[in-house]
Structures are given as C-alpha cells and as structure tokens.
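To start, the structure itself, in structure tokens.
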Amino acid sequence: MSYIIVFILGSIWGSFSNVCIHRMPYNEGVAKGRSYCPNCKKQIRWYDNVPIFSYVILKAKCRDCSAKISIKYLLVELICALSFVWFFYLFGLSLTTLLFFILTIFFIIIFFIDLKHFIIPNELTFPLMVIGLVKTFDPNLNQYLFPNFFNSVIGGVAGYSIIWMIIFIYKKLRNKEGMGLGDAKLLSAIGFWFGWISIPFILFFSSFVALALAIPSLIDKSKNLSSQIPFGPYLVLGCVLYLLLLEKIILYLN
Ligand SMILES: [Zn+2]
C-alpha cells in the first residue's frame, strides 16, 4: 500500500517537473496559471491533468484540438514515480529517501531542459549546491553514500574547477566553447552531494556515455566531433551510474 502512495506522489512531482521543464527556459512562472495545451492554448481541465492516468485515457491527444501530446510528459512522470518507489524501497521512510526524492526531481528537470535548450538554469544548480552542503551537518546520514563537510566542499570546488579548466583549455586549442559554465555548476553540485571521490568516476562515466551515444551519428556523418553537445544530461546519467556502482560497493562492504 505504501508503495502505491509513493508511486502516486512520484507521478505528481513528475507532473510538476514537466511544468518546470516547459516553463523555466522561457522564464515563465512555474506556479503561475494552470497548464494549457501548447497547440490550442486551451486550459487543461483538472480531470485531464491527472499524472500518467490522463495520458492513457486521452490516448496522448488534447481533448479540445486532438493535437498529439508528446510521450515525454508520460516518460517524465513514469521516471519520477519509479525512482521514488526505488529509493523508498532502498531507504524506507528516512531523510536519505527525502534527499534522493529532491535529487530525482532536480536531475529530471536539468536533464530535459539541457537536452533541448542547451542551458542549465542557476535556479536549479544553486539550490542543489546548498542542499548538498547543508545535509553534511546531519551526522546520521550514511557515511559511504554522503561525504562529510570537508569532503563535500572539496568535491564542490573540484567539480567546478575541472570543467572550468576543460572549457579554458578547449578555448585555447580550438577557439570555441565545448561546454558551458552550467555544466561546471552541475558537476560542482554533484561534488557537494557525493564528495570529491565521485568527481573522477562521474566525469569518466559521462564521457563514456556521451561518446558511446555519439558514435552512430559520427559514423553516418550527421554530426562531427566539434558539434556542440549538451553535457548536462550525460553528467546526470554519469551520476546515476556512479550511484548504482556505489550501491553495489556498499552492499559488498556490509
Ligand atoms: Zn489542444
């Protein structure tokens, strides 16, 4: 029963994430006004705004103009709901679970905004940094998972500096920007959350995923190596891979 409640809670936050993904890049207020159809601009009725459920009932079409509703809405709600259930399964009713709920929401919003707009808003990375640092003051959190204060600060500084240096060197060599400072702030936030030790792993994992996904389009020449890529989504995926690996290590240690 509690898993069903957590699933519903996750899908509601997933629905809220959808609103952020679609409004934040345009500086539209997240809390302002009801959701509307991007095609006919008609307000969405409350009973058509139920996460996951409405998407299925409406068969992915707007009730007013029958415009197709992107599967991305459903995906975001499902990913959020399933992640919530997963963390609740791992850590039960605890501060750790709450922290991972928050991280899930931020990661989902960052992933989809950066993927489409090539930006990571400071409104997302700055709060993540603060939460990552503040949580180190709770001594009861899992010490393998979350670093102590100094480790966290070093992680935050290292995460920012490394990407800043990559940008700097890349600019000197090729006279253009490969990554943005948004990526630096995101890796800094991750450093604050998981400590300096996470930085090399996550850089490695995210570069690996980025390269693996880029190979098909490099082969058919639709992109070349100098094409700009949004690196934020890869950092998010890299961090998820790191956490999965860490979970295995922690289980092994226990
Ligand atoms: Zn419509």
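Taking θ = phi - 60°, what integer Hz values does the Karplus form 6.51 cos²θ - 1.76 cosθ + 1.60 yield along the stretch 229-244, in sequence order, with x for Gly and Pro?
Going residue by residue, I get 10, x, 8, x, x, 6, 4, 4, 4, x, 5, 4, 4, 4, 5, 5 Hz, with x marking Gly and Pro.
Neighbour counts of other C-beta atoms within 10 Å: give me 117, 22 arranged from fewest to most.
117, 22
Fewest first, what order do 179, 129, 1 take by the number of other Cβ atoms within 10 Å?
1, 179, 129
Taking the Cα centre of each part, how many Å lie between the stretch 21-67 and the stretch 130-208?
So the two Cα centres are separated by 35 Å.
Which residue, chosen from 121, 206, 237, occupies the Cα position most advanced towards the positive end of the dipole of the chain, where the dipole is computed from +1 (Lys, Arg) and -1 (Asp, Glu) charges on Cβ about the Cα centre?
Value: 121.
List 164, 46, 13 from most exposed to least, where exposure is judged by having the fewest other Cβ atoms within 10 Å.
46, 164, 13
Calculate one ³J(HN,Hα) per residue across the stretch 3-15 by plugging θ = phi - 60° into the Karplus curve 6.51 cos²θ - 1.76 cosθ + 1.60, and present them in order as whole Hz with x for glycine and proline.
Result, rounded to whole Hz: 5, 5, 4, 5, 4, 5, 4, x, 5, 5, 5, x, 5.
Taking the alpha carbon gyration tensor of the stretch 134-254, what are the square roots of 5 times its eigenvalues, largest first, to the nearest whole Å? Intermediate results must be reported in sequence, preceding the final value.
Numbers: eigenvalues 178, 65, 16 Å².
Ellipsoid semi-axes (Å, largest first): 30, 18, 9.
How large is the convex hull of the C-alpha atoms of the chain per residue, in Å³?
Details: hull volume 38.7 nm³, N = 254.
Taking the convex hull of the Cα positions in the chain, it is 152 Å³ per residue.
Which of the pairs 68/135; 61/176; 135/171; 59/116; 172/248 have their Cα atoms more than 31 Å apart in this structure?
68/135; 61/176; 135/171; 172/248
Could you list which residues have their amide H under 5 Å from that of residue 36, counting only those 5 or more apart in sequence or on another chain, with H placed in the peptide plane?
Here the answer is 44, since their amide H atoms fall under 5 Å of that of residue 36.
Calculated from DSSP H runs of 4 or more alone, at -39500 (n - 2.57) each and per residue, what is the 222 nm mean residue ellipticity of the chain, nearest 500?
-22500 deg cm²/dmol
Return the sequence-ordered ³J(HN,Hα) values of the stretch 158-173 in whole Hz as given by the Karplus equation 6.51 cos²θ - 1.76 cosθ + 1.60 applied to θ = phi - 60°, using x for Gly and Pro.
Karplus-based 3J(HN,Hα) across the stretch 158-173 equals 5, x, 5, 4, 4, 5, 4, 5, 4, 4, 4, 5, 4, 5, 4, 6 Hz.
Read-outs throughout are calculated quantities, based only on the coordinates presented, and are distinct from any laboratory measurement. These numbers were taken from a predicted model, which means no experiment stands behind them. Cβ: placed from backbone, ideal geometry, glycine included. Neighbour counts: every protein chain shown.
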